[in-house]
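Asker: One structure is given below, represented as structure tokens, and several questions about it will come after.
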There are 2 protein chains.
Amino acid sequence: MSIELRNDERIDQLMQYNLEIIQSPSVFSFSLDAVLLGNFARVPHHNRAHVVDLCSGNGVVALMLSQQTQSQVQAVELQDRLADMAERSIQLNGLTDQIQMIHADVKQATEYIRKDSVDVITCNPPYFTVTESSRKNPNSHLAIARHELHLTLEQLMQTSAGLLKTRGKAFFVHRPERFLEIMETMKAVDLAPKRIRFVHPKAGREANMLLIEGIKQGKPDGLKILPPLVVFDDDGHYLPEVKRMIYGDK
Amino acid sequence: MSIELRNDERIDQLMQYNLEIIQSPSVFSFSLDAVLLGNFARVPHHNRAHVVDLCSGNGVVALMLSQQTQSQVQAVELQDRLADMAERSIQLNGLTDQIQMIHADVKQATEYIRKDSVDVITCNPPYFTVTESSRKNPNSHLAIARHELHLTLEQLMQTSAGLLKTRGKAFFVHRPERFLEIMETMKAVDLAPKRIRFVHPKAGREANMLLIEGIKQGKPDGLKILPPLVVFDDDGHYLPEVKRMIYGDK
């Protein structure tokens, strides 16, 4: 299939799943965060689940999820430039029957997706609160993807809890420095944290990412802290677990 | 110095600090948890701090702290049998000038220690909520040390926050399955979590302990997730970091 590439776009490969993904360094490139989230999320293999990826960016997480389930995947992205890249990546991988791109504000997601209907939500949200510099350039694609200009943690949790059915699961990747807020905002919308995995850049270093699974109206006990994920060895090479996530078992 | 040993008591060594500690398998033996807490806590080296160990058991954490500071250490323990063991261990190590044993209920600690006066608190509290079996044997030494028969998490946090001065630090060891409750009870008394270290029995296994540092009236941001601590290698031998905590660098 021939897909038009625009400006500085290029096609990158995610070899674990044989996926080809359109990227643009000036607009948005998927990062390790998205790959970790796509691997951390657990989706039913069958075709009867309703799976939604919020803040979908160029669609990499939605594309990864589609390879783990036969169910429909919906992906919500606010920025038209990114939604358009995602749309073309979906075509490029022949997945237009399985993945539906919704070009919309996550806060308005319930206008497109029925409340209390979703089995699995994933989200790699903007990590940073709004700062002077993000305010100075409020329309930059990167500023919107990274800073909470259009979606706060609280709004994300409200939307997620609203979309999920009872016992539906949400999977997020975020930053440890916002961990307490994440716990509190989840509790406020009755998303019970069930599994947390901290990601450390190297052995002996503090965590710089966290992966968290919450269950809508789940019991508040039984939280599990999974084995840590360490990304690089001392020489800066990916450790085997991460290598497998990117390159597969080949 | 000759110290009387009672019943099945024996003297164990904590070689990192050249300490000798009276233990009794039927009453209470210090565990790895206490050793980890004694190493995780940070006390000023000088002699002007006020250091308090709550739920002190046979005094092992207080004894460890005394080797890291020139300041006075007070240790609070409810059970007379344990407070007595601790007292004799303090004598055995020649530390009666530095460590004061307070045989009292932690909930009444402010009758013995002035409010808002403490720089550093440590506590290895009862981990488990009260169950059928702990109720059946409510006077057993082990039941009291392990189950919240006399001190709940909430009471512990209230007492700790009451004793600490502003910006004073509390260090706890506890279980990951109660992590959410720990966060909530700390927040309720304005103890801001600052550093958390999860302890995994082996690489690739879920955490079974956590170490947490809170600061009274600290800012709620800047939480750090420290590198994980893994206790055993695949063959069940202590890994080097833990070995050093127990045996020292020898």
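Since every read-out is calculated from the coordinates, none of them should be taken as a lab result. Computed from a prediction, not measured in an experiment: that's the story for all the values here. Positions of Cβ are backbone-derived with ideal geometry, glycine not excepted, and every protein chain shown enters the neighbour counts.
Asker: Taking 25 Å as R0, compute the FRET efficiency from the Cβ-Cβ separation of A:Asp84 and A:Gln155 and round it to 0.05.
Answerer: 0.55
Asker: Another one. Using a Förster radius of 56 Å, what is the FRET efficiency between B:Ala188 and A:Glu4 based on their Cβ-Cβ separation? Nearest 0.05, please.
Answerer: So the FRET efficiency works out to roughly 0.50.
Asker: Trypsin sites (Lys or Arg not before Pro) within the stretch B:166-227: which are DSSP loop residues with at most 15 other Cβ atoms inside 10 Å?
Answerer: B:Arg205
Asker: Bin width 10 Å, alpha-carbon pairs only: give the P(r) of the stretch B:174-228 as whole percents, running from 0 to the bin holding the largest distance.
Answerer: Taking all Cα pairs of the stretch B:174-228, the binned fractions are 25, 52, 20, 3 percent.
Asker: I need the inter-copy label distances for A:Arg205: point set 7 Å along Cα to C-beta, values in nm with one decimal, smallest first.
Answerer: The projected label point of A:Arg205 is separated from its counterparts by 2.7 nm.
Asker: Okay, moving on. If R0 is 41 Å, what FRET efficiency do you get for B:Asp116 and B:Ala203 from their C-beta distance, rounded to 0.05?
Answerer: With R0 = 41 Å, the Cβ-Cβ based efficiency is 0.45.
Asker: Sticking with this one: Can you list residues whose amide H is under 5 Å from B:Gln74's amide H, if they're 5+ apart or on another chain and H is modeled 1.01 Å from N?
Answerer: Long-range HN contacts for B:Gln74: B:Val51, B:Val52, B:Asp53, B:Gln100.
Asker: Could you derive backbone 3J(HN,Hα) for the stretch A:96-104 from the dihedral phi with the Karplus parameters 6.51, -1.76 and 1.60 (θ = phi - 60°), listing whole Hz in sequence and x where the residue is Gly or Pro?
Answerer: For the stretch A:96-104, the Karplus curve yields 5, 6, 9, 10, 10, 8, 10, 8, 7 Hz.
Asker: Running Debye on the stretch B:10-247 with equal point scatterers at the Cα sites and no solvent, what base-10 log of I(q)/I(0) appears at q = 0.07, 0.10, 0.12, 0.14 Å⁻¹?
Answerer: -0.21, -0.43, -0.64, -0.89
Asker: Determine the equivalent ellipsoid of the protein assembly as shown by diagonalising the alpha-carbon gyration tensor, then write out the semi-axes as square roots of 5 times the eigenvalues, largest first, rounded to whole Å.
Answerer: Sorted largest first and rounded, they come to 50, 22, 21 Å.
Asker: Along the stretch B:199-211, what does the Karplus equation 6.51 cos²θ - 1.76 cosθ + 1.60 (θ = phi - 60°) give for ³J(HN,Hα), rounded to whole Hz, x for Gly and Pro?
Answerer: Residue by residue, the stretch B:199-211 yields 10, 10, x, 9, 4, x, 10, 4, 5, 10, 8, 9, 10 Hz.
Asker: Quick one: which residues, 5 or more positions from B:Lys224 or on another chain, have an amide H under 5 Å from its amide H? H modelled 1.01 Å from N in the peptide plane, none for Pro or chain starts.
Answerer: Amide H neighbours of B:Lys224: B:Arg195, B:Ile196.
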